[in-house]
Amino acid sequence: MRRTLAILLLVLVGCAASPPDPSPGAVAIVNVTVLDGRGGPPIDNAAVILRDGTITEVRPNARLPRSMRTIDGRGGYLLPGYIDMHAHLLVPRCDPSDAAPVRFDRNLSEQMLGTLLDFGITTVRSPATPTVQGLALRDDLNAGRLQGPHALASAELINDATLDEAALRRYVREALPRRPDYFKVYAALAPDQVEVVIDEAHRHGVPVIGHLQRTSWLEGARLGIDHLTHAVDWSSKTLPEAARPAYAAAIRDRGAMRARLDWLELLRLEAPEVQQMIDEIARRGISVDPTLVAYDTKFSGPDAVRYQANRFVDIVPDLARDWRACPSLTADWTTDDRRRWRRLFPKMQALVKLMHDRGVLLTTGTDLTNEWVIPGESLHQEFELLAEAGLPPATILRMTGANASKALGRPDVGVVEAGRRADLVLLSADPLRDIRNTRRIVWVMQAGRIVSDGPPAE
């Protein structure tokens with residue numbers, strides 16, 4: 001829960017008078033075990049020195065000058081602030097009648113973003129954002145006019161399959177005055193359209209995110225895509241050639257959403273199509289944020305007790321009310337469909353594990369604003385699903401730390417080391433022993449200032 005800096009430092013430093021502000025001079029966080037975000041060995045009994053919101057040194061406690069001001073970590077575990085690589089900044093409000101156009105709610109979005117800090121999330125990437133509203137919200141966050149994570153954001157996604165080359169290039173150029181961090185190509189675009197967007201965006205130094213389907217991941221990689229979202233591409237071209245007619249028939253007979261179950265059944269992890277795709281993504285250093293939690297919330301439906309009964313489900317009340325009021329994309333799924341999902345979900349997790357084992361740059365993301373994707377809590381649920389997939393805690397912490405930093409092209413976040421921004425999380429228990437301990441938050445620091453003492457208590 002968010003608190004004022006003065007109150008928190010009064011407790012942590014143990015002073016009776018007004019606590020010192022760490023910004024003007026050096027301050028040390030002491031008596032902590034540092035988990036640096038790279039997955040390296042823990043640094044025991046460490047001190048992390050901060051000045052003006054930046055880490056200046058990581059060193060043993062014993063070498064500290066006696067006069068140095070300190071924040072006592074009391075045997076805790078100090079990590080870089082978590083990074084959610086798939087957190088849409090603006091919340092779309094749903095209309096139960098489904099008759100109204102999408103309406104984005106700035107006030108609700110601000111509530112949601114402030115909540116993320118309580119769960120240790122200090123940086124987010126928004127991979128699709130209404131260009132004018134969304135990039136203005138990003139700017140307000142980064143300027144400190146709003147309380148919430150630092151943000152990078154894409155312009156509005158591009159998904160119109162009727163656009164010709166001139167229109168696609170014009171779309172990119174017209175968004176540039178708003179300074180988008182990315183452009184995003186979406187599922188309906190053909191390879192030649194994806195290629196045009198990549199070419200025009202790269203001409204202006206802007207990377208491209210792909211939520212692909214008509215264009216496969218392999219095709220996108222060869223065209224020069226910079227980032228891919230979600231764990232799978234749902235493209236028929238990723239399936240063995242002999243399986244593609246069955247998938248086309250499933251789409252025709254059961255609809256595109258339910259046919260995703262057929263796609264997973266038809267997928268062969270050992271097939272050349274999959275192996276070649278993974279190798280190409282790994283070779284090119286393309287990042288992937290699997291968003292397992294977004295699939296599980298959507299496809300589990302009424303069986304998604306771990307989400308719908310979670311104690312934080314109503315942490316942003318209006319958001320939860322929308323989830324309950326508006327129809328799910330899988331509302332028409334049967335009990336058998338849900339049962340198939342429970343059987344097939346481990347196969348999706350196995351694909352993520354295979355990507356990890358073959359060297360793909362994996363990061364952590366949630367697809368925030370989707371149904372039952374709980375602000376803040378969902379990133380910790382994503383950690384758990386990755387652990388269930390067989391990824392060790394050190395790997396998961398690297399995904400939300402150094403890997404995310406690398407994917408963002410931001411050498412100022414994601415690692416506890418000199419020169420990085422002092423975006424930090426102090427935990428009371430070791431997440432290397434149990435990834436669920438990432439929730440055991442004592443406080444959250446952003447740019448050298450403590451901004452939260454964690455989620456609301458039970």
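The values are calculated or read from the model by the stated rules, or taken from the named source; none is laboratory data. The structure presented is a predicted model; accordingly, all values stated were derived computationally and were not measured. When we count neighbours, we look across all protein chains shown, and the Cβ atoms used for this are built from the backbone with ideal geometry, even at glycine. Remember, those area values only see protein heavy atoms, side chains included, never the ligands or the DNA or RNA. Shrake-Rupley method; radii C 1.70, N 1.55, O 1.52, S 1.80 Å.
Worth pointing out:
- Unmet criterion (only one of (1) open to solvent by 10 Å² or more (accessible area, probe 1.4 Å); (2) within 18 Å of residue 214 (Cα to Cα)) for residue 265: (2)
- Checked against (1) crowded, with 16+ Cβ neighbours inside 10 Å; (2) more than 17 Å from residue 448 (Cβ to Cβ), residue 60 passes all but condition (1).
- Which listed residue, of 79, 113, is under 30 Å from residue 131 (Cα atoms) and crowded, with 18+ Cβ neighbours inside 10 Å: 113
- Contact map, segment 172-193: residues that are more than 18 Å from residue 222 (Cβ to Cβ) paired with residues that are assigned to a helix (DSSP H, G or I) and open to solvent by 40 Å² or more (accessible area, probe 1.4 Å), Cβ distance under 7 Å, separation 6+ or inter-chain. Pairs shown: 178/132.
- Strands (runs of 3 or more DSSP E) wholly inside segment 65-129 containing at least 1 residues that are among the small types (Gly, Ala, Ser): 69-80, 121-126
- Filter result for residue 164 (closer than 19 Å to residue 197 by Cα, at pLDDT 95 or above and open to solvent by 10 Å² or more (accessible area, probe 1.4 Å)): yes
- Segment 314-325, subset among the hydrophobic types (A, V, I, L, M, F, W, C) and under 21 Å from residue 89 (Cβ atoms), residue surrounded by the most Cβ atoms within 10 Å (Cβ to Cβ): 319
- Listed by position, the helices (runs of 4 or more DSSP H) contained in segment 206-325 that have at least 1 residues being among the small types (Gly, Ala, Ser) and closer than 19 Å to residue 195 by Cβ are 217-223.
- The set of residues from segment 326-364 being outside any loop (DSSP other than H, G, I, E, B), of a type outside the set (Val, Ile, Thr) and open to solvent by 60 Å² or more (accessible area, probe 1.4 Å) comprises 336, 339, 342, 343, 346, 357.
- Tally, over segment 365-411, of residues that are of a type in the set (Lys, Arg) and either within 19 Å of residue 113 (Cα to Cα) or assigned to a helix (DSSP H, G or I) (or both): 2
- Among (1) open to solvent by 10 Å² or more (accessible area, probe 1.4 Å); (2) out of contact with any Cys (no Cβ under 8 Å at 6 or more places or on another chain), the one test that residue 94 misses: (2)
- Look at (1) farther than 18 Å from residue 184 by Cα; (2) open to solvent by 10 Å² or more (accessible area, probe 1.4 Å); (3) part of a loop (DSSP other than H, G, I, E, B) and you find that residue 148 fails only one, number (2).
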